[in-house]
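Pasting in a structure now, in C-alpha cells, and then I'll have a few things to ask.
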C-alpha cells in the first residue's frame, strides 16, 4: 500500500488496519500533503517531498561523475530539483555535455530528459565561496562536495539533509548502503529539520518532583513570573504550599467575574446561596468539604 490513501488508512484506520501513532517516510507531493493534513491526529516525522541534489564542483571534480549524480537524481521523477554550482565555466560545459550524453543512453531517456529540462539548474558562480553560500540558501536534501577542501567546507554546512564529501561519495550510496538516514528534509526544510533518526521513534515524558525545601527556593521566582503574565492563580498554587497545609483565600482581580453558586456542605447537608470571589471549583474553608454546584 502506498500513496495518500495509505496515509489516510494508517491515520484513521480501516477494517483491516489499526490506526497508528506516527507516520514516517518520504513520498510524492500527494503523500506530503496527506501527511500535512493528518498531522495532529497522528505524529509525522517531517514532510519530505520530491528529491533534491546540489553538487559543488570545481576543476578537481570529474565532470562525468558529477553528471552521473545529476542524472541519477532525475530518476526520482517529476518535481526533482537538480543543482550544480561551480566557479568554472569549463567544468560547467563538460558536465552539461555529459548529462545530455548519459541521459540519452538510459532506458527511460525521454522521461529523464523531461525531468532534467524542468528541474535542472546549472549555476556559474564567482568563486567557490559563493557556491557554498548558494548551497546553504538552497538547503538541499543531498549536498555533494566534489571540490577542493571538501572536508573543511562540510564543517561549515548547516543547512542540508545529508553531505557527501569527495568525488567518490556518490549520492546513490547514501540511498542504499552508506548507513545514515535516507529520509531527509527537502524544499529548504533542512534549515530547520534533520533527517529521520532513531530519536523520532522515542517519545520522552518529563517528570517533576519537588520537596518542601525546593518549593521554598522556587516560589518567589515562580510568583513573579506568573504575576507578570497576570496568572495570579498560578502563583497562588505554588505559594499555598508555603503555608504548611493551612488553606488560604485568594480574593484578587478575578472577583468581578464570578456568579453565585449553590453550595452544599457535606457536614449538615444545608444549602445556601453564597458569593465567592473566584470561579474555581475548590474548597476555601479550613474545615469541612464543600461542593460548588453551578446553575
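Quick one: how many residues across the range 29-47 are within 22 Å of residue 75 (Cα to Cα) and surrounded by fewer than 17 Cβ atoms within 10 Å (Cβ to Cβ)?
3
Scan the range 14-28 residue by residue and report those that are within 13 Å of residue 200 (Cβ to Cβ) and loosely packed, with under 12 Cβ neighbours inside 10 Å.
Passing the criteria: only 21.
Which of the following residues is touching a residue at least 24 places away in the same chain (Cβ under 8 Å), closer than 25 Å to residue 26 by Cβ and in the same structural domain as residue 189 (by TED's automatic domain parsing): 98, 76? Even if it seems obvious, please write down each step before you answer.
On the way: 98 fails: closer than 25 Å to residue 26 by Cβ.
The conditions single out 76.
Somewhere in the range 116-127, is a residue in contact with a helix residue (DSSP H, G or I) (Cβ under 9 Å, 6 or more places away or on another chain), farther than 23 Å from residue 153 by Cβ, in the same structural domain as residue 149 (by TED's automatic domain parsing) and surrounded by 12 or more Cβ atoms within 10 Å (Cβ to Cβ)?
Yes - at least one qualifying residue is present in the range 116-127.
Of everything in the range 66-116, what is within 19 Å of residue 140 (Cα to Cα) and in a helix (DSSP H, G or I)? Give them in sequence order.
66, 67, 68, 69, 70, 71, 72, 73, 74, 115, 116
OK, next. Could you list, in sequence order, the residues of the range 138-171 that are touching a helix residue (DSSP H, G or I) at 6+ places or on another chain (Cβ under 9 Å), over 18 Å from residue 95 (Cα atoms) and not in a strand (DSSP E or B)?
138, 139, 140, 141, 149, 153, 156, 157, 158, 159, 160, 161
Of everything in the range 179-197 that's farther than 14 Å from residue 50 by Cβ and out of contact with any strand residue (DSSP E or B) (no Cβ under 9 Å at 6 or more places or on another chain), which residue is surrounded by the most Cβ atoms within 10 Å (Cβ to Cβ)?
196
When you scan the range 198-219, do you find a residue that is surrounded by 10 or more Cβ atoms within 10 Å (Cβ to Cβ), in contact (Cβ under 8 Å) with a residue 40 or more places away in the chain and either closer than 30 Å to residue 42 by Cα or not assigned by TED's automatic domain parsing to the domain that holds residue 24 (or both), even just one?
For the range 198-219, residues surrounded by 10 or more Cβ atoms within 10 Å (Cβ to Cβ), in contact (Cβ under 8 Å) with a residue 40 or more places away in the chain and either closer than 30 Å to residue 42 by Cα or not assigned by TED's automatic domain parsing to the domain that holds residue 24 (or both): present.
Additional query: Test residue 133 against the stated conditions and say whether it is modelled with pLDDT of 95 or more and either crowded, with 23+ Cβ neighbours inside 10 Å or under 33 Å from the mean Cα position of the chain (by Cα) (or both).
In short, yes.
Does the range 249-262 contain any residue that is in a helix (DSSP H, G or I), modelled with pLDDT under 90 and under 30 Å from residue 139 (Cα atoms)?
no
Let me ask another. List pairs: first residue in the range 136-148 and in the same structural domain as residue 189 (by TED's automatic domain parsing), second residue part of a loop (DSSP other than H, G, I, E, B) and surrounded by fewer than 22 Cβ atoms within 10 Å (Cβ to Cβ) anywhere in the structure, Cβ distance under 6 angstrom, at least six positions apart or on different chains.
These pairs meet every condition: 136/159; 139/159; 139/188; 146/167; 147/58; 148/58; 148/60.
The values are calculated or read from the model by the stated rules, or taken from the named source; none is laboratory data. Computed from a predicted model, the values in this text were never measured in an experiment. Note that each Cβ is placed from the backbone with ideal geometry, even for glycine, and that neighbours are counted across all protein chains shown.
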